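Take a look at the structure set out below.
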Amino acid sequence: AKTINESKRQALSELSTALSVDVESEIFSCIKKGEKNNDCGSRSSVRTYSNLPIVGADFEIHKEKDGDFKAIATLSTKKSLPFYIRETNDIRKRINSRKNHIQQAEEDTSLFKMVKSQKDDLIRFNKLRLVAISLGAKNIGEELYGASKLDDILLNIKEGADTLTAAAEVISSGINQNDIFIMPARLRNTSEVTPFARVLSDHLDEKLNSVKNPLKASYYLTGEYNILDNDDVHIIITLSDDFNNAVLNRTVKIKKEAYIGLRAKPVSSEVELLVEENAINDQDFYVDITSHAGRENLFFKKGEVVSIYVKLSEPGWFYVIGHIVRKEEQYSYLLELSESSGADRFLIYISDELVGRYVEIGEFQITEPFGVEYLQLVASNKSLRKSIPDYIYDNGTGFFIINGSKGSVSTTLLKTRGLKKIHKSRAKRTKIAENTLVFSTLKN
């Protein structure tokens, strides 16, 4: 990062991502062991709440040889856990106290305010709870449910917006903060950015004081939406600060006629579920893949250039598989990372000097085919040369297509996940980990 503040923001983002991975790993492990009496958490929580609030982080700042700054953010159990426990207890009391008042409220205005506050508290409680679990909290209580019921109440109170311009006006009203990075909203529990979400974000960009680079942002606008039975859209927008603390939340209903001609439903939900629930993770070996625009809610147009970055927690080899999913077709290909020949063209080695740093592996221009693309990073502390999937060069696409992937990228995912090895010696064992970057592309 060019400045200390930018390095801190990047460090906080990395810490939040790492916490999400740790929590998800712990929850899946607990579920697999069948530890029903333990507080395992919830798979849906991890998928829904990826941006976890960070409180009491310590920063270690380093100035690199090239003049850039690198920050490492850490959370101390002794310092931070008491806050998370105290805050979750306070929120739980507010939620319980508000329940009877919601049932007795008669005026729409007062009811709307109470329900909105209840929903905000419920979301924040579940986020704080996940961080507390990762910090070692015991008996913090179960995840709180009821968000869908609160949504139903809100929808019955508010009239829907009949244009996306009107929806953007409702969402942006009263938001006076500067340097806001706008992330396109996404359908709950998915990563794909649909054309509907991208157009809505364009309208918001016209009405807010926004920035294009997330590292230069002071605030972040995110959103989740559901598609109702009548095809209206219920969307929740959140404005958060650098520490992922919600500054405000907005709930809006958008009528179906507002987005005629724009697809709001994802085309790749089944593939995404397979990517997330069967990912290879190693507690001792962490890997990450991201872009110049971050790693969430990504949407690029034809001709745009995307810079891809990779980070490993220890020296090792990696390759990247692209999974392209469209209504008409789907296939997987190996991303060419160097001018070497054979399997070496797909492999890069991260040395000791580059461990823990984001390394740019190249710039890539958005071209056909357009749709949803998953970049699956597969890494190991041992050579992966013999683990490269079989492939063939396709003259039509210019890609090295993985054999058997046409029509079913699930085949490729299952092949690459057959690589995991178990060794008795922890020090000598082969470590394999993966991470995935999801983005959507459009012709214009």
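The values are calculated or read from the model by the stated rules, or taken from the named source; none is laboratory data. Just so we're clear, the structure is a prediction, and the values are computed from it rather than from any experiment. Heads up, the Cβs are rebuilt from the backbone with ideal geometry, glycines too, and the neighbour counts pull from every protein chain shown. Protein only, heavy atoms only, side chains kept; ligands, DNA and RNA dropped before computing areas. Shrake-Rupley method; radii C 1.70, N 1.55, O 1.52, S 1.80 Å.
Worth pointing out:
- Scanning region 186-205 for residues that are open to solvent by 10 Å² or more (accessible area, probe 1.4 Å) and part of a loop (DSSP other than H, G, I, E, B) yields a total of 4.
- Contact map, region 225-247: first residue of a type in the set (Asp, Glu), second residue open to solvent by 50 Å² or more (accessible area, probe 1.4 Å) and modelled with pLDDT of 90 or more, Cβ cut-off under 7 Å, separation 6 or more or different chains; pairs are 231/256; 232/255; 232/256; 241/219.
- Number of the exception - residue 219 against (1) surrounded by 17 or more Cβ atoms within 10 Å (Cβ to Cβ); (2) modelled with pLDDT under 90; (3) farther than 22 Å from residue 439 by Cβ; (4) not small (Gly, Ala, Ser): (2)
- Condition broken by residue 208, with the remaining ones in (1) open to solvent by less than 60 Å² (accessible area, probe 1.4 Å); (2) under 16 Å from residue 439 (Cβ atoms) satisfied: (2)
- From the list 228, 221, 262, 215, the lone residue that is among the hydrophobic types (A, V, I, L, M, F, W, C) and closer than 22 Å to residue 131 by Cα is 221.
- Residue list for region 242-259, filter: open to solvent by less than 40 Å² (accessible area, probe 1.4 Å) and either part of a loop (DSSP other than H, G, I, E, B) or closer than 11 Å to residue 161 by Cβ (or both): 244, 245, 252, 254, 258, 259
- With a requirement of 3 or more residues that are open to solvent by less than 70 Å² (accessible area, probe 1.4 Å), the strands (runs of 3 or more DSSP E) lying completely within region 302-399 that satisfy it span 305-312, 316-325, 330-334, 359-365, 372-380.
- The listed residue being at pLDDT below 90, in contact with a strand residue (DSSP E or B) (Cβ under 8 Å, 6 or more places away or on another chain) and of a type in the set (Gly, Ala, Ser), out of 185, 246, 197, 258: 246
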